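In what follows, a single structure is set out as structure tokens and then discussed.
What follows draws every value from the coordinates through simple rules; no lab data is involved. What you are looking at is a predicted structure, and each value in this text was computed from that prediction instead of being measured. No Cβ is skipped: glycine too gets one built from the backbone with ideal geometry, and neighbour counts run over all protein chains shown.
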Amino acid sequence: MLLADRVALITGGAGLNGLGFATARALASQGARVVIVDLESARPAEAAAQLGRGHLGLTANVTVKSDADAAVAHTVEQFGRLDILVNNAGITQPRKTVEITEGDYDAVLDVSLRGTLLFSQAAIPVMQRQRGGSIVCISSVSAQRGGGILGGPHYSAAKAGVLGLARAMARELGPDGIRVNAITPGLISTDINKDKLSAERKAEIAETIPLARLGVPADVAGAILFLASDLSGYCTGITLDVNGGMLIH
């Protein structure tokens, strides 16, 4: 078991067909006790129950500092430690630059970027006391290629911010034994986009990808498992592309 006796917290992890829940399953399968954090409407406790006994679902809004602090405190109270944080929560909007309202900007930046910061701030002191930990931040290929298939420029900006934040935290926290890395998924088939692209459009996109298919949540979950475990023990500050070759650089 790669993650025996370790505790992992995943934000935005309750959607059963999403990246977060696929990650929860992957980490749990390798021995981790998993805490799924999501909005009440997403039913995180029910999602955690799907993993079996010994896991936890907590309600929190990642954009609220007190919620982040409480979720981490509850995790430590329940399990005594926190070894892995996966900053997965994020939202997207299809907007052109001139269409982005202040509300649109705040919503997208707050969830992806502020949420990553707040949960990292809550987890870091715990990991510092333990003299180790792994933080994995979910960015996007959109941050690298200047726009994606569905998200607007503010989504690209938010996910680029996640990359910068992850790299800066990696440099700062390395002496504490805390590794911080980022993953940039390409187009992954999840509930977020399943009704936004036709089968024909998906086939067209797949033709432009060297591996000739769209990604699935398990593709990303496997990469997160690598970064969460000791297999990546000498990796920090890296950006791991999981895009089938959509962007090669």
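Nearest 10 degrees is fine. How inclined is helix 217-228 to the longest principal axis of the chain, computing both from alpha carbons? Roughly 40 degrees between the two axes. The distance between label points at ALA218 and GLN93 comes to 3.5 nm (points 7 Å beyond Cα on the Cα→Cβ vector). The simple spin-label model puts a point 7 Å past each Cα toward its Cβ; for GLN78 and SER29 those points are separated by 2.2 nm. Listed from fewest to most Cβ neighbours within 10 Å, the set SER66, SER140, SER232 follows the order SER66, SER232, SER140. Counted residue by residue at 0.36 nm each, then reduced by the alpha carbon distance between them, the extension gain from SER66 to ALA4 reaches 19.4 nm. The distance from the alpha carbon centre of the stretch 113-149 to that of the stretch 200-249 is 17 Å, rounded to a whole number. Across all C-alpha atoms in the stretch 7-241, the radius of gyration and Dmax reach 16.8, 52 Å. What is the list of residues in the stretch 144-179 whose amide nitrogen lies under 16 Å from a point 7 angstrom out from the Cα of GLN121, following Cα to Cβ? Backbone N within reach: 162, 165-166, 169. The H on the amide N of ILE135, modeled in the peptide plane, is under 5 Å from the matching H of LEU85, ARG179, VAL180, ASN181, each at least 5 residues off or on a different chain. In plain terms, the chain from LEU247 to SER41 could stretch by 70.7 nm, reckoned as 0.36 nm per residue minus the Cα-Cα distance.
A viscosity of 0.692 mPa s and a temperature of 37 °C, combined with the Kirkwood radius over Cα pairs in Stokes-Einstein, give a translational diffusion coefficient for the stretch 133-220 of 229 µm²/s.
Summing Lys and Arg as +1 and Asp and Glu as -1 over all other residues whose Cβ lies under 10 Å from the Cβ of PRO153 gives a net charge of +1. Taking each residue as 0.36 nm, the span from TYR234 to ILE205 lengthens on full extension beyond its C-alpha to C-alpha distance by 7.0 nm. Each helix, a run of at least 4 DSSP H residues, gives -39500 (n - 2.57); summed and divided by the residues of the chain, these come to -12500 deg cm²/dmol at 222 nm. The C-alpha atoms of the chain define a longest principal axis, and helix 153-173 lies at about 30 degrees to it. Relative contact order for the chain using alpha-carbon pairs under 8 Å, separation at least 6, rounded to a whole percent? Over the chain, the number comes to 19 percent.
Helix 65-79 against the longest principal axis of the chain: what's the angle in degrees, Cα atoms only, rounded to the nearest 10? Tilt relative to the chain: about 50 degrees. Rg then Dmax, both in Å and based on the Cα atoms of the stretch 40-80: 10.7, 29.
Neighbour counts of other Cβ atoms within 10 Å put THR59, THR116, THR236 in the fewest-to-most order THR59, THR236, THR116.
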